[in-house]
Structure formats: structure tokens, C-alpha cells
Amino acid sequence: MAGRSAIQIAVNNSFRIGVLGSGKGSNFVALADAVAAGKIPAEIAVVLSDVESAGILAHAREQKIPAQFIPPGKFRTKLDEDAERAFVAALQNAKVDLIVLAGFMRVLKGDFLRAFEGRIVNIHPSLLPCFPGLESWRQALDHGVKVAGCTVHFVDAGVDSGAIIGQSAVPVLDDDTAEILHQRIHAAEYELYPRCIAALARGEISVAGRRVFWKKT
Ligand code: GRF
């Protein structure tokens, strides 16, 4: 597009991904399956968690991917300084090109964001900017929207506020409970996240301010 000044995400021959998660890790499994199937031209170099018993660590170990628990420190919703340093060091040691948040339940702050500027992505279970924060599928149901979904976005200093890479919509049906809607959104995530990460790994994504562009293939 003429006049578009976009920043291309740097890619190299062996694109390395670090995954951070706090929970069961079903999105990680979808990503690992897509890597194994050759749909994402990348390697998952390391999986890190702030929760020792998180399913995501067990899934990673099953797949022989290096997996590490790093104690998050004294805060509930963010990493303390020591923990932040430990996460950054583990990701730098693993030489990751991209950090993929997959259910990581802590807000990332200054030093972490500066260390990996423009190279951290997240998936959120709503059509952002609607319903940021916790239990967004329940927020969507309670609000009465007819369409819900999920969003993959770059991570910035806000909560679920970075530039949007991709979105996928699902209907909200009359009989839905929060759990049923959550499952439908999850199913959409397992298709959307690998598709976005594959495009990033192929260098097909460029960014201009808040707008993210996909190279036409
Ligand atoms: C997903 O719903 C994702 O959108 C949100 O956290 C959840 C992680 O689930 N950020 P899982 O651990 O991948 O199963």
C-alpha cells in the first residue's frame, strides 16, 4: 500500500518461540501440534510458567520441550523484580525471537517489555477492545452480545490493549452458559493463534502504529 510506513517483524532461518503460561496449556498444545505438523516454521525453544503445577509445563515436558517454573515473587498480578529478571534471562538464554503468552496470568511491566519490544503476543478470549481483563466470555454473555470471539494482539504496557493481529468471531446462542461459550471461544483460539504465529514466523506481518498488516499470499 502506497504511503504505508510499516515495521516488518524480523525473521531468521530458525525462528525460536518462548511460550509463557500459567494454566492448563491447551493453546500451547495447539501451537506445538501446528509446529510438529509443519504449519508453523519455527521451534518452541522454551516454556516458562509462574505456577509450578501448571498443565502447560507437563504438556511441554511430554513433548521434550525445555520447561521451567520460575517463582513469580511477592505480588499477585505481576512479577517482582527478581522474577522479571529471571524470566528475561531464561528467554534470552533460549535466544527466542518471539514470546507467546498462552494463558499467562501476570501483567508484564517495563523492563520485560523493553527487553522484547514488539516481540510479545497474547491471545485474549474476546473481540477486543470489548471485554478486556478476566473472564471475558462471562462479561460478553452478561452484556448480551450476539457475537463473541478471540483476539491475538501485540502486548504493550496496558491490559489487553496492544495492536490487533487477528480476530475470530463465534456466535452467542440462546442456550449458552458461560462454560459452553468459553469452550466455543477456545475452539476458535486453537485455529487463530497458530495461524497468527505462523504468519509472524514467516515474516508476513508488518505494523504501523495500531494497524497490523498481513502480507497478501
Ligand atoms: C485462553 O482462553 C486464552 O485466551 C487466555 O487464557 C486462556 C488459556 O487457556 N489468555 P489454556 O491454558 O491455553 O488452556
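Just so it is clear, none of the values below were taken in a lab; they were calculated from the coordinates. Predicted model only: the values in this text are computed from it and were never measured. Every residue, glycine among them, receives a Cβ derived from its backbone with ideal geometry; neighbour counts consider all protein chains shown.
Along the range 180-194, what does the Karplus equation 6.51 cos²θ - 1.76 cosθ + 1.60 (θ = phi - 60°) give for ³J(HN,Hα), rounded to whole Hz, x for Gly and Pro?
With coefficients 6.51, -1.76 and 1.60, one gets 5, 5, 4, 5, 5, 5, 4, 4, 5, 4, 5, 8, 5, 5, x Hz.
How big is the convex hull of the Cα atoms of the range 53-106, per residue, in Å³?
89 Å³
Give me the three principal axis extents of the chain from the C-alpha atoms, as integers in angstrom, largest value leading.
49, 48, 35
Suppose only helical runs count, i.e. DSSP H with n ≥ 4. What mean residue ellipticity at 222 nm does that imply for the chain under -39500 (n - 2.57) per run, divided by all residues and rounded to the nearest 500 deg cm²/dmol?
-10000 deg cm²/dmol
Below 8 Å between Cα atoms, with a sequence gap of 6+, how large is the relative contact order for the chain in percent?
After rounding, I find 22 percent.
Amide H neighbours of Gly149 under 5 Å, counting only residues 5+ apart in sequence or on other chains, H built in-plane at 1.01 Å?
Those lying under 5 Å, H to H, from Gly149 are Leu127, Val170.
HN-Hα J couplings of the range 14-31 from phi, Karplus 6.51/-1.76/1.60, θ = phi - 60°, integer Hz, Gly and Pro as x?
Per residue, the Karplus-derived 3J(HN,Hα) values read 10, 6, 10, 10, x, 10, 10, x, 10, x, 6, x, 5, 5, 4, 4, 4, 5 Hz.
What do you get for trypsin sites (Lys or Arg not before Pro) in the range 24-72 restricted to DSSP loop and a cutoff of at most 16 other Cβ within 10 Å of the site's Cβ?
Lys24, Lys39, Lys64
Between beta-carbons, use under 11 Å as the cut-off and find the net charge around Gly162, counting Lys and Arg +1, Asp and Glu -1.
Within the 11 Å Cβ shell, the charges total -1.
Where does each of Trp214, Trp137 land when they are ranked from fewest to most other beta-carbon atoms within 10 angstrom?
Neighbour counts put them in this order, fewest first: Trp214, Trp137.
Which of Ser49, Ser14, Ser168 moves most in a GNM of the chain, Cα contacts under 10 Å?
Judging by the Gaussian network model, the answer is Ser14.
Taking the DSSP beta bridges in the chain as the whole, what percent of them are antiparallel, to the nearest 5?
50 percent
Could you work out Rg/(2.2 N^0.38 Å) for the range 133-188, with Rg from alpha carbons only?
Output field value: 1.16.
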